[in-house]
Amino acid sequence: MPELTRVESKVHSDSQASPGRDITLRAVIFGLIACALLSVWIHHAELVLGGRRGHTALANTSIPVGAFDMLFALVALNVLIIRFAPRFRFSQAELLTVYVMCAVSVVLSSSGGIHFLIPTITAVHYFATPENAWGMLFHGFVPDWIAQTDPAALRGFYQGNSVFELRQWATQIVVWCGFLTVFACATLCLSLILRKQWIENEHLPFPTVALPIEVAKEEAPLLKDRLFWMGTVVTFAVAWWNTIALNIPSVPMLNLRGFEIAQVFTIPPWSAFGPLKVSFFPFAIGIGYLLSTEVVFSCWFFYLFSKLQQVIGAAAGLSTDTVAGAQSVFPYLSYQGAGSYLGIAAASIWMSRRHLRNVFATALSFGNKEKDPEAQGYKWAVLGLILCVVSLIAFTVAAGASRLVAAVFVLLILVFLVAATRIRAETGNAWPMGPEVDAFRLMITVTGTGAYSAADLTAMTYVRAATAGQDFRGVCMPQELDGLKIADATGMRLGRLAKVMVIAIAFGVTVSFIVALQVWMTNGALAKGETWRGMRGKVSFDLLATWLKNPVPPDKGGIFGIGLGASFTALLAYLRMRYIWWPFHPVGYAMSNTFTSSNMWTPFLIAWLAKVVVTRAGGMKLYRRGLPFFLGLIAGDFLGGGTTTLAGCLSTINVYPVNW
């Protein structure tokens, strides 16, 4: 098996491409069809099956399950085509084009994306009552074009048994699909600017591209490896076994989602350690095996370190009540998380300073000392980034925010996204979630709500829903940079792939928005539909109403926590650059203070132990030989989760979720 975590760079300009590495019209058409089919599948699975009958999340893991399953289905089809009509076979570039198109568009369709956005644009006028005083507090600051105001459309959305009518929703579809496309283009331009630094100069591993590249290779050598099929069959069988167990009570469950130890310690101050979740997600173990030993070690170590901080706080008498849903007392974990994200972004920019200087000098025609062949691409990327950022700020201003507030908010969102994408590129972050204190809450923490008008806060509430907040599962940037890494590793044309991604995003988000509305209007967001998603908008505006009724001052404890997180991240980054032997990686610290770290620490501990044992027993040769098995753990988990969820969509069975 070849080395999967370090792939040789094969950059091709738009004027060069080797046979079999080109992006074809056929691939783009297949990709658009696949994007539409995945939209239907995702919305039915998550809005109809939801938490009532269970489903595997098809878009919310670092390798989107739906996109991977579509790729695997095409590879299987390609095997038949090669045998019976070889002239029509799909090349690796065509297969990966379809995968990248699906990946960048599908993430917008689920949690953190459309499933949070649409309930937000419907909530204000549906849930307003004299008791909650929403009408008095912020109705006057909600432009008609930004939210749904038609009573009939709102009743249909929440209660169901209605027919989707395009005329009722046309304004919101145009406005928000346009916003999401511009936002995705801004992150794509950022990705193009950072691509060379992260991929060629720093050689970040991008573990999430290893499996798609290997599956799509010409002649598919991975699919001929017995170890791969061992891992695949085991996890595929577990997914189906557990689905059967959910429908036949006499069948015992093999629950890999884990269990929670309610109280590890009962004696103070150790009782502050709190509950401990132990899980065994196979796909997360597989991803962990692809990481460097230092990174995977840091991911589980710093989670336990965060628990230890709670014990120290209790012992010192520093921990008291929490404020505003976030931890504003020692150890300030949510705020440390925000600070660590700022620190990761700052460290990334600092390490990229020479590259960024060259990029902007080239784009602004100050010369290109290194004669970079991507110079023309930099001009378009920088120009595109400027235009998109200005458009996003202008949108936020039109929604009611002041110019300064809009500019700071949009730039902070992009800073958090750079950090999230960097973390994904180094860890494969199984569930791309950020800290609870996102860009919006960071601004509130530092200045208090009194620094903003009601119009500012209302506009930011809407924009936050469209830019994912802390839930980075619903943004494109990590998938866009993965696509550029795939192009780099396989010799595909970067410029052409970037254009194809824009087409897929614009088409996919529009189709997905309409399909989601059709599903909700038929089933009702609070009737037959999955109510957790249907209530996301109300949750956001309940918080807004609380802030407007009871303004909060700047949070000194939170500010200290942010500074602590940023400083500690900077120290870890410095020590990593200064000492090769330093075992603690800043991305592990950043991930430890996020919502999903409790699910991730055990699989990464298992992966770390496996990697240490294997490398000490047989060195890198044995490690590489074991890679197919761990790739099989990921593939089998996702294929099992996808097929059981598809069966649930086509029947009335309960489904075992493999990834949440």
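So the values come out like this:
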item: Exceeding the 19 Å Cα-Cα cut-off - candidates Lys307/Lys611; Lys196/Lys217; Lys379/Lys499; Lys277/Lys528; result: Lys307/Lys611; Lys196/Lys217; Lys277/Lys528
item: Distant-in-sequence amide H partners of Asp471 (H built 1.01 Å from N, under 5 Å); result: Gly434
item: Distance between segment 61-83 and segment 418-486 - C-alpha centres, whole angstrom; result: 30
item: Of all accessible heavy-atom area on the chain, the percent that carbon and sulfur account for (1.4 Å); result: 67
item: Qualifying aspartates and glutamates (Cα of each under 12 Å from Cα of Lys621; at least 8 residues distant if same chain); result: Glu3
item: Proximal aspartates and glutamates relative to Lys549, as straight alpha-carbon distance under 14 Å, when same-chain residues fewer than 8 apart are discounted; result: Glu131
item: Nearest-20 debye value, segment 478-576 charge dipole, Cβ charges on Lys, Arg, Asp, Glu; result: 100
item: Under 5 Å, built H, 5+ apart or other chain: amide partners of Arg493; result: Ile23
item: Entry for volume of the Cα convex hull per residue in Å³ (calculated from the structure that is shown) out of (1) 219; (2) 156; (3) 168; result: (3)
item: Rounded accessible area per residue of the chain, 1.4 Å, Å²; result: 39
item: Cα-based shape type of segment 567-656, given that a ≥ b ≥ c are square roots of the gyration tensor eigenvalues and the cut on a/c is 1.5; result: oblate
item: Exposure of Val163 as accessible area (Å², to 10), given a probe of 1.4 Å and all protein chains; result: 110
item: Helix-only CD estimate at 222 nm, as mean residue ellipticity for the chain, using -39500 (n - 2.57) per DSSP H run (n ≥ 4); result: -21500 deg cm²/dmol
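The values are calculated or read from the model by the stated rules, or taken from the named source; none is laboratory data. Owing to the predicted nature of the structure, the values given are computational and were not obtained by experimental measurement. Every residue, glycine among them, receives a Cβ derived from its backbone with ideal geometry; neighbour counts consider all protein chains shown. To get the accessible areas, we keep the full protein, side chains included, count just its heavy atoms, and leave off ligands, DNA and RNA. Shrake-Rupley method; radii C 1.70, N 1.55, O 1.52, S 1.80 Å.
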